[in-house]
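Everything below concerns the one structure shown next.
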Amino acid sequence: MASAAPIHELGERSLLPPGTTFNDVTEAVCRLTEEKAPRGWWVLFLPSVALLGLMLSCIVYLLSMGIGVWGNNTPAYWAWDITNFVWWIGIGHAGTLISAILFLFRQNWRTSINRFAEAMTVFAVLCAAIFPALHTGRPWFDYYLAPLPNQMGIWPNFKSPLMWDVFAVNTYLTISVIFWYVGLIPDLATLRDRSKTLLRKRIYGALALGWRGSHRHWQHYERAYLIFAAISTPLVLSVHSIVSFDFATSVMPGWHTTIFPPYFVAGAVFSGFALVLTLMLIVRSVFKMHSLVTIKHMDLMNKFMLGTGIMVGYAYAMEFFIAWYSGNPYESWVFFHNRLGFGYLDQEGNWGPLWWSYWAMVSCNVIAPQLFWFKKVRTSVPAMFVITIFINIGMWFERFVIIVTSLYRDFLPGSWGSFHATWIDILLYMGTFGLFFTLFLLFIRWVPMIAIAEVKATLPHAHPHHAGDDHAEDHPAALGTVDAPAPAE
Amino acid sequence: MANDDKKTKPVKKTLMGVAPVSDEQADSAASTKAAKPDLSGATPGEQVTQAAAEEAAAGAELAAAKAESDPAERKVKAEVAAAKAAEAKADAEKAAANAEATSDDAAKAGAGMVAADAAKTRAAALEEAADAEAAVAHPKKKGATLAARDTATADEEPTSRPALFLAEYETPDDLVHAAEQVRDAGYEKWDCHTPYPVHGLDQAMGLSETKIGFISFVCGMVGLVSAVLMIQYMNNWDYPIIIGGKPPGSFPSMVPIMFELTVLLTGFGTLFGLLHLARLPMHHHPIFESDRFEAATDDRFFISIETQDPKFDLKKTRALLEKTHPSHLELVEEEIA
């Protein structure tokens, strides 16, 4: 186990202030669930609940009227609904990336943000699931998607990427919830043991399953955690790949692209990190958690965004290159007429009417994150807040561009149309923020939002220095401190 | 805390059986004798300690009844005694001395220490119980053991018995050193309790490799195979559909769902494998009777050695643990009624 040795070798300091004790960590995290909610929490919570109510009203309206209340039309059969679905799913990916992939790479700095990001994953996937569920038109028949025996004697078509999507998203949601909960068990036990009231003790006690920090349990637990990380890593890569198959396995110009799976995954990580950071900046200032989530954490996350932003930019460029290089006029039409607004004019000499959405995407996703090359920007809270908002918007536009601009001016001018969002499109999308933030705010209020046990394990004094020789070299790594002396042997 | 631990169940039943007798305060000896044969469900070691404890307790009760001093002082004493076992030691020794006649047998049986301990707890309990008001006014505030004694008023049955030694350490280094010593002494039913997984403790405890990976792997393979069988049955055998000119049972289109079901069942296997191997959920455990143990999820490190361990011996185990320089050492008792 070569723990986070690279961090050590790079000479990076421990991300938590020196002299942090175990009890400091417990206190800092648990107090958030024990004290009265800060005013900022209420300021965020009440509008969130209002938005949640808005979402529910929109759903009721949509169910009573049919999905014609959305702006979807012929030829833009897929529009905001699928855009929102892909966007929300992508948001969730950062959580899994942080909790699983960074765990496998022994990036111990993740411990301050992984719980938080995992919760975000779960809630984002819930928000995402609303859209395809409603898009079926009659959500009360959605159980047809499950391979259940029925009176018609037919089964789902497992060759359909939409069916793969059903399995991928449900698996992703289930595994995310389990991974999250398993990670929570020791921390729920901490809350149980600190409970002042019987009700808290009962509830946290029940959820903690009688955890008693037994090392015999930790031994299984650590391995289980590793297995979860090991299966979540390919899972998270598969989920957005399969989402991209929804498009890539079709024969639509603009969709039928082999670059889609990696491009979607990079985009998902990119947008997910952006939203994690946006939320974390808010939560950090509301709950005054500057000692646990430091500028250094954010600096690292900004580097991730810079990296994935460049990958996304490369994918955009490569799509264009292939559209031009292939010489396929349909492909070129989609890219140059529908999206870029350059060349390929229609009979009236115009570009496609939604060309601006493409440029919104490029400026938000490719240009804005370039500012992260500068350390001053990476470590400036207001700057990164604004940039992450831009990225969130840009990544929404990316999905909109992929979906709608590939559809709205089809092969024949006779099937040309455009897309205009209706108010229900807009309100339902806003409403899902209500669902997300309501769940999220309840989470940070009642559940330890930082993985207490994991943060403790990364403290400099967390591990005995004399113990098993083959473990000795792990320690400085686990600490991530530059001050820890290199092991003698 | 609900007392539904399997181990205590048989005892619980028999005690309930003799409850009417024990309610009559008059004859303590009769009730202890009535209870004694019913303990046959317990292990031989337990029987000895139980019998010794009860006999000593009967003596202690007489002693306490004789020495009726200032009630207020007694109450304070009892509280302190429950909070800090050490302070109660003096009382216990007195009680044990008074109880010499009755506890003689127990001493012969080589369980003098048990007798003293039991006498100590009984003395504290009786002092508490003598004041009926105090008994009512102390709901489960000061730890479950005290609370149990409070509610047990003046009945003659022992309400608790030693369950485990709990040694507390300040640092992971101390813990690992201590764990090595306990391991080398050959104990089996013992454990370390830490707020986070401490590196090197596996070796220090002499634990063998966990089996959870095997469980996960088997479950994952079940997922893989069931995906293939499901798709082949549904789309190829039961109701073949030809899509896009592909053969109904074509392999490539099965891959995504094969993968997803493998992951899904591996996840379930890992979760339930973990719960199974750790025997969780287990909401009742005698270790929770200790108030100090709450720090095990905060910043303290513990070693527990259960009385169930074949090598367990009150004196020797205590001596072993004292040798490891714990910052605190206590004998945790579990309720048996």
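Read the figures in this text as sums done on the coordinates, not as results from a lab. The structure presented is a predicted model; accordingly, all values stated were derived computationally and were not measured. We place every Cβ from the backbone using ideal geometry, glycine too, and count neighbours over all the protein chains shown.
Exposure proxy ranking for A:R399, A:R445, based on other Cβ atoms within 10 angstrom of each Cβ and starting from the fewest, stands as A:R445, A:R399. Cβ crowding within 10 Å, taken as a proxy for footprinting-reagent exposure, orders A:T136, B:T194, A:T96 from fewest neighbours to most as A:T136, B:T194, A:T96. Remark: relative contact order (chain A) = 32 percent; criterion is Cα-Cα distance under 8 angstrom and separation of 6 or more residues. Contact order, relative form, for the stretch B:161-337: 52 percent (alpha carbon pairs under 8 Å, 6 or more residues apart, mean separation divided by residue count). Extension gain for A:L56-A:H256 works out to 68.5 nm (0.36 nm per residue, less the C-alpha to C-alpha distance). Placing a label point 7 Å from the Cα of A:I322 along the Cα-to-Cβ direction, the residues of the stretch A:377-416 whose backbone N falls under 16 Å from that point are A:402-403, A:406. Using R0 = 45 Å, the C-beta based FRET efficiency linking A:Q151 and A:I310 works out to 0.25. For the stretch B:161-337, lysine pairs with C-alpha atoms less than 25 angstrom apart, excluding pairs fewer than eight positions apart on the same chain, total 7. For a Förster distance of 41 Å, can you work out the FRET efficiency between the beta-carbons of A:Y144 and A:V49, rounded to the nearest 0.05? Once the sixth-power term is evaluated, E becomes 0.80.
A simple count of charges around A:P132, restricted to other residues whose Cβ falls under 12 Å of its Cβ and scoring Lys, Arg +1 and Asp, Glu -1, yields -4.
The calculated 222 nm mean residue ellipticity attributable to helices in chain A amounts to -21000 deg cm²/dmol, summing -39500 (n - 2.57) over DSSP H runs of n ≥ 4 and dividing by all residues. Shown is the FRET efficiency for A:I203 and A:S418, computed with R0 = 51 Å from the Cβ-Cβ distance and rounded to the nearest 0.05: 0.45. Projecting label points 7 angstrom from Cα along Cα→Cβ for A:N170 and A:I389 puts them 3.9 nm apart. Take every Cα pair under 8 Å whose residues are at least 6 apart in sequence, average their separation, divide by the length of the stretch A:169-282, and the relative contact order is 20 percent.
A simple spin-label model places the labels of B:M282 and B:I241 4.9 nm from each other, with each point 7 Å out along Cα-to-Cβ. Potential lengthening of the chain between B:E322 and B:V225 amounts to 29.4 nm, from the contour at 0.36 nm per residue minus the alpha-carbon distance. Taking 0.36 nm per residue of separation and subtracting the Cα-Cα distance, full extension of the segment from A:Q370 to A:A37 would add 116.1 nm. Net charge near A:L292: determine it from the other residues with C-beta under 13 Å of the C-beta of A:L292, scoring Lys and Arg +1 and Asp and Glu -1. My count for the surroundings of A:L292 gives +4. Seen from B:A185, the other residues with C-beta closer than 9 Å to its C-beta sum to a net charge of +2, counting Lys and Arg as +1 and Asp and Glu as -1.
Comparing chain A with the 2.2 N^0.38 Å rule of thumb, its C-alpha radius of gyration ratio is 1.04 (two decimals). Restricting the calculation to Cα atoms, every distinct pair contributes to the Kirkwood radius of the stretch A:146-234, found to be 16.0 Å.
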